[in-house]
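Novice: Take a look at the following structure, please.
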Amino acid sequence: MHIEELVQKIVPVNQNLVKNAQQHFDNLIKPVGSLAQLETMTSRYTAIIGSVDKDDLVQPEPGVLLLLGNGTSGKQLERALGGKDAAVVVARQVDVVTAPVFITGEQPDELIEEGAMLAAEYTGEEQAKVLLLGSLNPAPQPEVWQKFLTEPDPYFFLERVQDPLVTALTGAILQGAGQKLPLLLDGVSAFLAAVAASKFNPAAAEYCFASHVSREPGLDILLAYFKWTAPLRLNLPGGSGVGAAACLTLLKAGVKAYKEMETFDEAGVHKEEAEFSLKAQQKQQK
């Protein structure tokens with residue numbers, strides 16, 4: 001599939017569905033907002049799959065972790081292929097299939113299409129409901145890419161980043177967003193790919209979830225760029241997929257709460273008085 005076709009397939013997430021899902025959380029028998037990021041993640045997840053009806057809501061499984069490497073990450077890629085890498089082990093615990101892949105493309109168009117093809121292939125094989133993205137290589141340093149974040153041309157941006165895995169991950173994000181899959185990003189390389197993908201089509205970023213804050217330089221810069229908040233700060237040294245797999249457990253917990261907790265109406269009890277809500281209590285404390 002050509003890049004133009006990938007870009008055109010991506011449609012914005014319905015923000016009204018996000019608001020309706022959050023309203024469902026607000027009506028559950030609990031203090032308003034008390035599940036914090038579990039609520040915000042799940043509300044966007046419901047909008048991505050296209051229904052806020054809890055009977056329609058399914059867990060984001062099975063999942064695929066697309067873990068990219070190249071010639072400079074040979075040993076790590078070998079461990080991942082042998083099932084011994086940390087990301088593979090952790091992903092296995094949350095029923096995610098890991099796909100460690102050696103990237104071969106050289107030119108930006110080739111790499112984008114290669115990443116897109118790999119995402120389509122592995123999510124199709126597993127009939128995946130969620131795609132996790134990570135890189136086995138060290139991420140580019142902020143001095144390489146920070147001053148180019150606001151450049152509108154995605155090719156110009158990717159040429160300045162000069163990282164084949166970032167470029168391939170860009171294609172994977174475009175493909176996943178076109179398939180309306182939630183995308184859990186792990187590490188600076190995946191975040192930089194989200195920047196590039198959003199320059200092709202701003203709606204691509206609406207399918208992306210920041211899984212965690214790693215120790216990699218520049219991760220906070222990229223969070224600020226998107227105005228995202230990551231639910232985890234695990235002090236991990238890189239973006240090899242461990243954080244995304246851990247974050248998936250939180251998304252699943254949020255979905256479980258959405259489906260299984262009762263609203264005040266369902267339980268046949270009075271609604272929470274606004275003055276006693278969590279939001280009101282937090283406002284009084286300020």
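Novice: From the residues in the range 190-241 that are polar (S, T, N, Q) and within 25 Å of L77 (Cα to Cα), which one is surrounded by the most Cβ atoms within 10 Å (Cβ to Cβ)?
Specialist: Step by step, filter the range 190-241, then rank; the result is S211.
Novice: Quick check on my filter: what residues within the range 22-48 are within 19 Å of A177 (Cβ to Cβ), buried (at least 20 other Cβ atoms within 10 Å of the Cβ) and out of contact with any Lys or Arg (no Cβ under 7 Å at 6 or more places or on another chain)?
Specialist: Hits for the range 22-48 are M41, T42, S43, R44, Y45, T46, A47.
Novice: Tell me, which residue of the range 92-109 that is of a type in the set (D, E) and within 20 Å of G171 (Cα to Cα) is surrounded by the fewest Cβ atoms within 10 Å (Cβ to Cβ)?
Specialist: E106
Novice: Pull up the range 51-83, narrow it to residues that are touching a helix residue (DSSP H, G or I) at 6+ places or on another chain (Cβ under 7 Å) and in a loop (DSSP other than H, G, I, E, B), then point me to the one that is surrounded by the most Cβ atoms within 10 Å (Cβ to Cβ).
Specialist: By that ranking, first place goes to P60.
Novice: Six or more apart or on different chains, Cβ under 7 Å: which pairs go from a residue in the range 40-66 that's charged (D, E, K, R) to one that's modelled with pLDDT under 95 and assigned to a loop (DSSP other than H, G, I, E, B)? Could you list them?
Specialist: E61/D95
Novice: Checking S189 against (1) under 22 Å from P138 (Cα atoms); (2) part of a loop (DSSP other than H, G, I, E, B); (3) under 13 Å from the mean Cα position of the chain (by Cα); (4) polar (S, T, N, Q), which test does it fail?
Specialist: Tallying (1) under 22 Å from P138 (Cα atoms); (2) part of a loop (DSSP other than H, G, I, E, B); (3) under 13 Å from the mean Cα position of the chain (by Cα); (4) polar (S, T, N, Q), S189 fails exactly one: (2).
Yes/no matrix, rows are residues, columns are (1) touching a strand residue (DSSP E or B) at 6+ places or on another chain (Cβ under 8 Å); (2) under 30 Å from V161 (Cβ atoms):
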position: V52; (1), (2): no, no
position: L65; (1), (2): yes, yes
position: T72; (1), (2): no, yes
position: T98; (1), (2): yes, yes
position: T104; (1), (2): no, yes
position: D109; (1), (2): no, yes
position: E114; (1), (2): no, yes
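Novice: Here is a follow-up. Take the residues in the range 9-27 that are touching a residue at least 40 places away in the same chain (Cβ under 8 Å) and farther than 17 Å from L251 by Cβ; name whichever of them is farthest from the chain's Cα centre (by Cα).
Specialist: N27
Novice: Would you be able to tell me the number of residues in the range 153-180 that are surrounded by 22 or more Cβ atoms within 10 Å (Cβ to Cβ) and outside any helix (DSSP H, G or I)?
Specialist: Matching residues across the range 153-180 total 1.
Novice: Here's something else I'd like to know. If you take the residues in the range 123-140 that are among the hydrophobic types (A, V, I, L, M, F, W, C) and out of contact with any Pro (no Cβ under 7 Å at 6 or more places or on another chain), which one is modelled with the lowest pLDDT?
Specialist: Among residues in the range 123-140 that are among the hydrophobic types (A, V, I, L, M, F, W, C) and out of contact with any Pro (no Cβ under 7 Å at 6 or more places or on another chain), the one modelled with the lowest pLDDT is L136.
Novice: Follow-up question, since we're still on this one. Being part of a loop (DSSP other than H, G, I, E, B) and more than 21 Å from P202 (Cα to Cα) is the filter here, so list the residues in the range 121-152 that pass it.
Specialist: Hits for the range 121-152 are Q127, A128, K129, L136, N137, P138, A139, P140, Q141.
Novice: Since V89 meets every condition but one in (1) β-branched (V, I, T); (2) under 25 Å from A230 (Cβ atoms); (3) surrounded by 18 or more Cβ atoms within 10 Å (Cβ to Cβ), which condition does it not meet?
Specialist: Answer for V89: the failing condition is (3).
Novice: Please work out if A193 is in contact with a Gly (Cβ under 6 Å, 6 or more places away or on another chain), under 23 Å from A80 (Cα atoms) and in contact (Cβ under 8 Å) with a residue 12 or more places away in the chain.
Specialist: no
The values are calculated or read from the model by the stated rules, or taken from the named source; none is laboratory data. Model, not experiment: these values are computed from the prediction. Here Cβ is always computed from backbone atoms with ideal geometry, including for glycine, and neighbour counts include all displayed protein chains.
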